[in-house]
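I have placed the structure first, in the form of structure tokens, so that the comments after it can refer back to it.
The values are calculated or read from the model by the stated rules, or taken from the named source; none is laboratory data. Just so it is clear, the structure is predicted and the values come from calculations on it, not from any experiment. Heads up, the Cβs are rebuilt from the backbone with ideal geometry, glycines too, and the neighbour counts pull from every protein chain shown. Only protein heavy atoms, including side chains, enter the accessible area calculation; ligands, DNA and RNA are left aside. Shrake-Rupley method; radii C 1.70, N 1.55, O 1.52, S 1.80 Å.
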Amino acid sequence: LLTKRKGTNTMDFQFFTQDLGIDLGTANVLIYADGQGVVIREPSVVAVDKNSGKILQVGAAARNMLGRTPGNVVAMRPLKDGVVCDHELTVKMLQTMFRSITKSTIFSPKPRVVISVPSGITEVEERTVINAAAEAGARRVYLIEEPLAAALGAGLDLNSPTGHMVVDIGAGTTDIAVLSMNGVATSSSLKVAGDAFDEAIARYVRRKHGVIIGQTTAEDVKIQIGSVYPRNDDPTMVIKGRDSKNGIPRELMLSSSEICEVLNRMGRQIADEVISVLEDTSPELVGDIAHTGIVLTGGGSQIYGMDMLLTERTGVRCTLADDAASCVVYGCGKSLAWINTMTEGPINVAKKRLLSSRVR
Ligand code: ADP
Ligand code: MG
């Protein structure tokens, strides 16, 4: 993390107040610095020495330590479903990232930050995010609802009353939201997302082929040949694992079509939830969405065929956003333009309710 930024010396002498947009994801943290673009794109992983409790590495460096160090080093994800689940590790992770951006001169001002949070979270959970960011060195903390950030980042126009639908597939959750007038009209979240795909692949390979594979291999399979919709080319991939009976290393060839059989069902669960959100949405907004379509964001939405499957099952045209994994952070970055008019602290829950009841 720290070495990565050594090459950037163009702004070394420049004194600027730093505004940052942060996508604090379960799997990845992305940070957008005003005037610079995305400056951090790291796995949300912290490596900890189990014996001393010391934090050894953060981000990709932490993930790379795994399996290469003695057993006392464990990697942990400090966030779960967009909510802080380990305060200390979250603070440490953000602190390391902030420092690598602002360069630790004594004069560098503390950043103002806009952080995206899932739209379903409670005020208490919002406060845990705010406290972690403040403790990590943020001067002011503003929150933005994740679906709004995703839609902004995908380039949708949210200023008009026209309805839009965004489906963000991350690692832990898939978040579905209908947006209108800069607010969330209806939304839902389900725990079928990238991680669940990986787990389903690992379970299948063990059950069907008697081979045990790790999570990284399962994720590789998903990205290389995984699909939720039949592929014409049916690519294959050779993987390495361990025989479940005798523990001996084994190689195995997997085909896209067999993985599709595993993942198609989960894709359909996402489609069913999209349909049920549409059923809860006012006919006017549904009419708009039939016209504007559904936009897919988040890393997990890049799985082959998700757009086709959702289009087929919902009857609404569904498209994958450009650079889908970065939409949320780009949206946070865009919102920095009106940071001076934003209110600090938790999103006003009452206001949110009022808006959604009006739109519905
Ligand atoms: P989060 O917001 O929860 O941190 P991300 O939006 O960063 O999550 O997405 C992470 C998920 O996206 C992981 O499950 C990862 O395996 C998955 N992913 C990333 N790239 C691809 C791809 N090309 N195809 C399928 N899944 C992908
Ligand atoms: Mg996300």
> So which residues in the range 184-230 are among the β-branched types (Val, Ile, Thr) and not in a loop (DSSP other than H, G, I, E, B)?
Replying inline: Val184, Thr186, Ile201, Val205, Val211, Ile212, Thr216, Thr217, Val221, Ile223, Ile225
> From the list Ile121, Ile40, Ile115, Ile101, which one is of a type in the set (A, V, I, L, M), assigned to a loop (DSSP other than H, G, I, E, B) and surrounded by 15 or more Cβ atoms within 10 Å (Cβ to Cβ)?
Replying inline: Ile121
> Can you name every residue in the range 236-272 that is of a type in the set (A, V, I, L, M), under 17 Å from Glu199 (Cβ atoms) and either touching a Leu at 6+ places or on another chain (Cβ under 6 Å) or in a loop (DSSP other than H, G, I, E, B) (or both)?
Replying inline: Ile239
> Across the range 144-168, what is the number of residues that are away from ligand 1 (no atom under 16 Å from the Cβ), open to solvent by 10 Å² or more (accessible area, probe 1.4 Å) and in a strand (DSSP E or B)?
Replying inline: 1
> Are there any pairs with C-beta distances below 7 angstrom linking a residue in the range 208-226 that is over 14 Å from Val262 (Cβ atoms) to a residue that is of a type in the set (A, V, I, L, M) and open to solvent by less than 30 Å² (accessible area, probe 1.4 Å), with the two at least 6 apart or on different chains, and if so which?
Replying inline: Val211/Val205; Val211/Leu252; Gln215/Ala202; Thr217/Ile239
> What about Thr236, is it farther than 30 Å from Ser119 by Cβ, away from ligand 2 (no atom under 16 Å from the Cβ) and modelled with pLDDT under 95?
Replying inline: no
>> Take the conditions in contact (Cβ under 8 Å) with a residue 12 or more places away in the chain, within 16 Å of ligand 1 (Cβ to nearest atom), touching an Asp or Glu at 6+ places or on another chain (Cβ under 6 Å) and at negative phi and apply them to Ser256. Does it pass?
In response: yes
> Which members of the range 196-218 meet the condition of being within 16 Å of ligand 2 (Cβ to nearest atom) and in contact with a Gly (Cβ under 8 Å, 6 or more places away or on another chain)?
Replying inline: Phe197
> If you scan the range 273-292, which residues turn out to be assigned to a loop (DSSP other than H, G, I, E, B) and buried (at least 19 other Cβ atoms within 10 Å of the Cβ)?
Replying inline: Thr281
>> Cβ-Cβ under 7 Å, sequence separation 6+ or interchain: first residue in the range 330-349 and closer than 18 Å to Gln18 by Cβ, partner assigned to a loop (DSSP other than H, G, I, E, B) and open to solvent by 20 Å² or more (accessible area, probe 1.4 Å). Which pairs?
In response: Leu336/Asp34
> Can you tell me how many residues in the range 220-236 are out of contact with any Gly (no Cβ under 8 Å at 6 or more places or on another chain), open to solvent by 70 Å² or more (accessible area, probe 1.4 Å) and within 18 Å of Gly267 (Cβ to Cβ)?
Replying inline: 3
> Which is more than 16 Å from ligand 1 (Cβ to nearest atom), among the small types (Gly, Ala, Ser) and in a loop (DSSP other than H, G, I, E, B), of Ala133, Ala171, Ala138?
Replying inline: Ala138
> Between residues in the range 73-87 that are outside any helix (DSSP H, G or I) and modelled with pLDDT of 90 or more and residues that are hydroxyl-bearing (Ser, Thr, Tyr) and within 14 Å of ligand 2 (Cβ to nearest atom), which pairs lie under 9 Å by C-beta distance while being six or more apart or on different chains?
Replying inline: Arg77/Thr26; Arg77/Ser44; Pro78/Ser44; Leu79/Thr26; Leu79/Ser44
> Considering the range 174-183 alone, what residues qualify as being open to solvent by 20 Å² or more (accessible area, probe 1.4 Å) and either among the β-branched types (Val, Ile, Thr) or part of a loop (DSSP other than H, G, I, E, B) (or both)?
Replying inline: Met181, Asn182
> When the residues of the range 124-139 are filtered to those that are closer than 15 Å to Ile347 by Cβ and charged (D, E, K, R), which remaining residue is surrounded by the fewest Cβ atoms within 10 Å (Cβ to Cβ)?
Replying inline: Arg127
